[in-house]
Amino acid sequence: MDLSHLLSDESPAPLYQPSWAAPVDHVAPTNFDFLPYHPSGPEVHTVATPPVSTLSPPLWIFPPVLELSQPQPSQYQLPSPPSTQPVDAASPPPSPQADFLSLPAPGPTPAASIAQCTSAKPSLTVPLTKEGFVDTGGATTFASRNPLKDIQPPRFRICDSQTDAAKLGRAEMRLKRDGKADALREGVDVIIKSRDAAIKDLAQELNMTEKAVRTLVNGETHYVKHRKPSMYNALVHKVNSEMNDDLPPRERYKLKEIQQTVLAGMETDAYSEQYKGEALLELEEFRKNKTTGSRSSNMAAYADARATTASVTNEIVCLGKRTGITGLAIFAKGHIHDDYIDGLAEFNGSASFFTEVLNMQPEDVCSKFQQWVCNRKLELDAPDNLQTAQNQCAVSIKMGLCMITNNVNLGMNYINYRTSIVKKHHVELLGWPVDIPFVNPYQITTVAIARKLQQALALGTCKWVAMTRQRRKEHAAALELDVESGNTVGKKRKSRSDKGKKRNCA
């Protein structure tokens, strides 16, 4: 390579200057502009920044190399005013040899010389604030889109600055509480040791296993049932709402004071039966709203969704490890304004089902599922009219029958149900509400009754089951007994009009 032109006194030509660039005399130089070499220095414009080397690397080389000793102003800041010091036109310009020697050596660029470039445009149109959370601006919320649905009241936590005396008092209380916890732990350990010794002695005396005795002593069970609302809890809830609803947060009564008030009222029979019944109903409604009520904001809905999906994912993984059952769950937001990112829970690589069987990527499946969810109408309330309830009941019954018999062309026969369905296909519909007659749902003329049947079918209390061999024998015996006793079993087919008549043969 001929480098003789670098050793001459002539002005070297620039390595690269874009064709779209404006003339140098009309644009102030920046860090990434490539200016021609001026023997006498800049003539028209002056800038406060030091002169840029003419042999800087071109723009497409990344990362760019900064050779300036002073930091450059950000692109979002105003440029510094021109320097008031006169420019010495006679100062000797840098020689070409110095410029050539100042070029970076080939190889990786040191980390200290990499410029921290910032883009004028944001990299994301929607900022990510938390893992799995997309701030969509809060245009709408799930609660605002469902105004008829109950909303869970948000919790307000007030925490003001404390004085030094209050902080010292809280520190002393914390020390006392820690000491009390240590003493309690030691006492519990002593009780547990004595109980273990007593359990061991009793097991040896009765020739039983320690596990059986320990289970009876502790009253352990693996199945936890939800407790029904008690009268005491219902009264505490109602009295709390009456005493604290109109008070500001710092002036409300404490739970202990409300409990003492309720106990005093129960001892003096101050609460009537009607008041107690209202308290039970209010507590049941409060628990229902706490379980299924809408979240009041997008942030609260996101937090709930994130915690619940994490729990479901953990259950799927643990179930697979315990039993070998492989599960797959897809989570998608129900509206475009929701702040939740779609998720996929899998175990043992079950997401490969989409690629190996459906020839689709899991991301595409999640995207299509989200589009389908956002486009469909979310029906959270009960049917609003009789016709809708009748349709849902009829469809649920027919779909359940087709699924359990594996026959998509099978229709439901309500009149000859015992013979055409039960006797022939060995399936039966259990859990039909007692106060509703077993008829075609389209023959129900009351909205309340139709909703009750629809709710039973939706919750699974009324469902199709396959009959066991013993159940088949019992049903056949009962059916035969009804026929022998003369009871009407179903509806007989209408006989032909020409029955008993001799056919005319042409």
*Across the stretch 346-352, in residue order, what do the Karplus-derived ³J(HN,Hα) couplings come to in whole Hz, using 6.51 cos²θ - 1.76 cosθ + 1.60 with θ = phi - 60° and x for Gly and Pro?*
9, 9, 6, x, 5, 5, 5
*Quick one: dipole size for the stretch 298-375, taken about the Cα centre, charges +1 on Lys/Arg Cβ and -1 on Asp/Glu Cβ, in debye to the nearest 20.*
220
_In sequence order, calculated HN-Hα J values of the stretch 353-358 (Karplus, 6.51, -1.76, 1.60; Hz; x Gly/Pro)_ = 4, 5, 6, 7, 9, 8
*asked:* Taking a cut-off of 18 Å, what percent of all Cα-Cα pairs in the stretch 231-292 are separated by more than that?
replied: 39
_Suppose R0 equals 30 Å. What FRET efficiency, 1/(1 + (r/R0)^6) with r the Cβ-Cβ distance, do residue 352 and residue 408 give to the nearest 0.05?_
0.50
*Starting from the Cα of residue 394, step 7 Å along the direction of its Cβ; do the same at residue 202; then give the gap between the two resulting points in nm.*
6.3
_Per-residue ³J(HN,Hα) for the stretch 359-367, Karplus 6.51 cos²θ - 1.76 cosθ + 1.60, θ = phi - 60°, Hz, x for Gly and Pro_ = 6, 9, 6, x, 5, 5, 5, 4, 5
*Using only the Cα atoms of the stretch 386-485, each taken as one equal point scatterer with no solvent, compute I(q) by the Debye sum, divide by I(0), and report log10 of the ratio at q = 0.12, 0.25 Å⁻¹.*
-0.41, -1.38
*Full extension from residue 228 to residue 448: what is 0.36 nm times the residue separation minus their Cα-Cα distance, to one decimal in nm?*
76.7 nm
*asked:* Checking the cross-link filter: which lysines have an alpha carbon closer than 20 Å to that of residue 491, excluding same-chain neighbours under 8 positions apart?
replied: 423, 424, 499
*In the stretch 164-218, what is the count of Lys pairs whose alpha carbons are under 27 Å apart, counting only pairs at least 8 residues apart or on separate chains?*
6
*Based on the Cβ-Cβ distance of residue 484 and residue 387, what FRET efficiency does E = 1/(1 + (r/R0)^6) give at R0 = 51 Å, to the nearest 0.05?*
0.75
*asked:* Please compute the modelled spin-label separation between residue 259 and residue 477, points set 7 Å along Cα→Cβ, answer in nm with one decimal.
replied: 5.6
*Sorted by packing (mean other beta-carbon atoms within 10 Å per residue), highest first, where do 228-239, 427-438, 162-173, 455-466 land?*
228-239, 455-466, 427-438, 162-173
*Taking H placed 1.01 Å from N in the peptide plane, check which residues at least 5 places from residue 151 or on another chain put their amide H under 5 Å from its amide H.*
294
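Read-outs: derived from the displayed coordinates by stated rules, not from any lab. Since the structure is predicted, the reported quantities are computational estimates derived from the model, not experimental observations. Positions of Cβ are backbone-derived with ideal geometry, glycine not excepted, and every protein chain shown enters the neighbour counts.
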